[in-house]
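Participant: This is the structure I want to talk about, given as structure tokens.
What follows draws every value from the coordinates through simple rules; no lab data is involved. Treat the numbers as computed from the prediction; the structure is a model and nothing was measured. Cβ sites come from the backbone with ideal geometry, for glycine too, and all protein chains shown count toward neighbours.
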Amino acid sequence: MPLQPHMKLLSVDDHLIEHPKVWTDRLPSKHVEQGPRIVEIPRGDGLAPMQSWLYEDRPYPYIGLNAVAGKRPEEYGLEPVRYDDMIPGCYDPKARIADMDIDGVEAMLCFPSFPRFCGTIFLEGDDKELARLSVQAWNDFSLDEWCATDPARFIPMAMVPLWDPALMVAEIERVAEKGCRAIGLPDNPINLGLPSYHTDHWDPVFSAMEETNLTAVMHFGSGGFPPQIAPEAPFAVMITLMGTTSMAACTDLLFSPVFHRHPNLKVAFSEGGVGWMPYLVERADYVWRKHKYYQNIHPTIAPSELFKRNISGCFIEDEAGVKNRYDIGIGNITWECDYPHSDSFWPKSRARAEEVFADVPDDEVAQMVEHNTRRWYNFPEAGFKAHNADEGNAWRPNDGKGPEAAYAGMGAHGGIDDVQKSLGDLFTSK
């Protein structure tokens, strides 16, 4: 049966665009000048100035990286470069809820944009005290302003100071007290200059996540190493291959000590799809059986057992994954919308989901679109309990113009050259 009207769609991979006051309102005054803030950069040719983040005197343009919701595919790119190039749901939580209602989506988990998927911008910062405070400021914005707008509609996530395990543990404990449900971690830490998941470096972090029942969300590309493609290849090649970073990360974890040392740790691979999972797990088991005798591999627990217990994935329209759902494990599959990025079907996400699930039994659909997410993220129907809601700090864009002006004022992007030239800032500035 198709997706039934009473079924609730919960999305585990979406993105928010930080408004200009996220850090200026929350950092101590002595750090505001070097902390993240919005500046205007002239563009010439009669174009409005580009709005850019400035952090430690370095500009980070393309504030609305791929925030193209509301545009036709012919207009897609990595732009917008100004807030008024985006629809308000990108940066205003109340407008986001309205867009979710249009789309038939009940709840979302929203990843950061400027800090990258798990805060690696701050890992690269020179002033680590400023970086730590900037991580906390984003988390307070996420939990106390964005998610607190309606705790039943947003699954709260946070980032951590990736450069110091003790600081990571302290921040995990702090945000858990505020109602957090997920922590962003890199899918491949070694590309960021951090120890691998095969070391004991991460043990205190994973233990803290087990104790607080927080899920590790690893967005594809969060390890700062996108797939390598030919310089002449169109950008479409990289877009197609991005899910392979989740495949590599999943394999790495399955052969690591992580799930043996931390059997209750939950890891969710975000935006990587699920269609690849049956083959990868089958291949991992085959390699395990052949090679477990002479390598540092657990001798009695197969990778497939760890996968079923500890890993989930999500998809937008992965028909191969839906067809092979029994091989993956229905309990390991969740759904995503990816608003406001170009992969999203907004405002027709529910209609597309109805097509994808047309031949799937109702109980299995309900499990994949709602119940699995509530279980993996410990997110009840009442939502999380918001603490210290921060409505006074909420930024209200388009003052005096009204939201309809922002929806109408959609600018065209700068073309494919701008798209490819700016890709690096999505992952790493190194």
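Participant: Quickly work out the HIS291-to-GLU211 label distance, labels modelled 7 Å from Cα along the C-beta direction, and quote it in nm with one decimal.
Facilitator: Calculated label separation equals 3.6 nm.
Participant: At a temperature of 10 °C and a viscosity of 1.306 mPa s, determine how fast segment 142-237 diffuses translationally according to Stokes-Einstein, using the Kirkwood radius over alpha-carbon pairs as Rh; express D in µm²/s, rounded to the nearest whole number. Walk me through the numbers on the way to the answer.
Facilitator: Details: Rh = 14.9 Å.
Calculated translational D: 107 µm²/s.
Participant: Determine, for each peptide in 368-377, 188-197, the mean count of other beta carbons within 10 angstrom over its residues, then list the peptides with the highest first.
Facilitator: Working: 368-377: 21.6, 188-197: 17.4.
In decreasing order of mean packing, 368-377, 188-197 become 368-377, 188-197.
Participant: Please find the FRET efficiency linking VAL32 to ALA382, where r is the Cβ-Cβ separation and R0 is fixed at 51 Å, and quote it to the nearest 0.05. Don't jump to the answer; show the numbers that get you there.
Facilitator: Working: r = 37 Å, r/R0 = 0.72.
E between VAL32 and ALA382, to the nearest 0.05, is 0.90.
Participant: Among 307-314, 274-281, how do they line up by average Cβ neighbours within 10 Å per residue, starting with the highest?
Facilitator: Working: 307-314: 22.8, 274-281: 20.8.
By packing density, highest mean first, the sequence is 307-314, 274-281.
Participant: Quote the FRET efficiency, to the nearest 0.05, computed for GLU74 versus VAL39 with a Förster distance R0 of 22 Å and r equal to the Cβ-Cβ distance.
Facilitator: Numbers: r = 30 Å, r/R0 = 1.37.
With R0 = 22 Å, the Cβ-Cβ based efficiency is 0.15.
Participant: Using a Gaussian network model of the chain with C-alpha springs under 10 Å, which one of ASP338, ASP45, ASP318 is most mobile by mean-square fluctuation?
Facilitator: ASP45
Participant: Dipole of the chain (Lys/Arg Cβ +1, Asp/Glu Cβ -1, origin at the Cα centre): which of TYR197, THR373, SER344 lies farthest to the positive side?
Facilitator: So the residue furthest toward the plus end is TYR197.
Participant: Moving on to the next point. What relative contact order, as a whole-number percentage, does segment 14-141 give when Cα pairs under 8 Å and 6 or more residues apart are counted? Working shown, then result.
Facilitator: Working: 185 pairs, mean separation 34.1, N = 128.
Once divided by the residue count of segment 14-141, the mean separation gives 27 percent.
Participant: State the percent of C-alpha pairs, over all pairs in segment 1-145, separated by a distance greater than 22 angstrom. Let's see the in-between values first.
Facilitator: Details: 4692 of 10440 pairs.
In whole percent, the share of Cα-Cα pairs in segment 1-145 beyond 22 Å is 45.
Participant: Which listed residue (MET277, ALA353, PRO115) has the Cα farthest towards the positive end of the charge dipole for the chain, taking +1 on Lys and Arg C-beta and -1 on Asp and Glu C-beta about the Cα centre?
Facilitator: In the chain, that residue is MET277.
Participant: A follow-up question, please. Please state the shape class of segment 147-193: rounded when a/c is under 1.5, otherwise prolate if a/b exceeds b/c and oblate if not, all from the C-alpha gyration tensor. Working shown, then result.
Facilitator: Numbers: a/c = 4.04, a/b = 1.79, b/c = 2.26.
The shape class here is oblate.
Participant: Any chance you could check the Cα centroid distance between segment 248-311 and segment 346-377 for me, in angstrom?
Facilitator: The distance from the Cα centre of segment 248-311 to that of segment 346-377 comes to 26 Å.
Participant: Right, next: Please get the size of the charge dipole for the chain, origin at its Cα centre, with Cβ charges of +1 on Lys and Arg and -1 on Asp and Glu, quoted in debye to the nearest 20.
Facilitator: That gives the chain a dipole magnitude of about 800 debye.
Participant: For the cross-link pairs LYS30/LYS178; LYS71/LYS308; LYS21/LYS308, which exceed 31 Å when the distance is taken from alpha carbon to alpha carbon?
Facilitator: Beyond 31 Å: LYS71/LYS308; LYS21/LYS308.
Participant: With charges only on Cβ, +1 for K and R and -1 for D and E, what is the dipole size of segment 268-332 about its Cα centre, in debye, rounded to 20? Don't skip to the end; give the middle numbers.
Facilitator: Working: 8 positive and 8 negative charges, 82 e Å.
It works out to roughly 400 debye.
Participant: Further question: Take VAL237 and SER304, extend 7 Å from each Cα along the Cα→Cβ direction, and tell me the distance between the two endpoints in nm.
Facilitator: 3.5
Participant: Tell me the mean residue ellipticity at 222 nm calculated for the chain from its helices only (DSSP H runs of n ≥ 4, each -39500 (n - 2.57), averaged over every residue, nearest 500).
Facilitator: On the way: 19 runs with 143 residues, N = 430.
Result for the chain: -8500 deg cm²/dmol, rounded to the nearest 500.
Participant: Report the relative contact order of segment 137-215, percent, no decimals, based on alpha-carbon pairs under 8 angstrom and at least 6 residues apart. Working shown, then result.
Facilitator: On the way: 82 pairs, mean separation 23.3, N = 79.
Relative contact order for segment 137-215 comes out at 29 percent.
Participant: With each pseudo-label sitting 7 Å past Cα toward Cβ, what's the THR199-GLU364 distance in nm, one decimal?
Facilitator: Distance between the two pseudo-spin positions: 4.3 nm.
Participant: Right, here's the next one. Could you give the size of the charge dipole of segment 109-188 about its Cα centre, using +1 on the Cβ of each K and R and -1 on the Cβ of each D and E, expressed in debye and rounded to the nearest 20?
Facilitator: 240
Participant: Return, for the Cα atoms of segment 166-310, the radius of gyration and Dmax in Å, separated by a comma.
Facilitator: Cα radius of gyration and Dmax of segment 166-310 are 16.1, 49 Å respectively.
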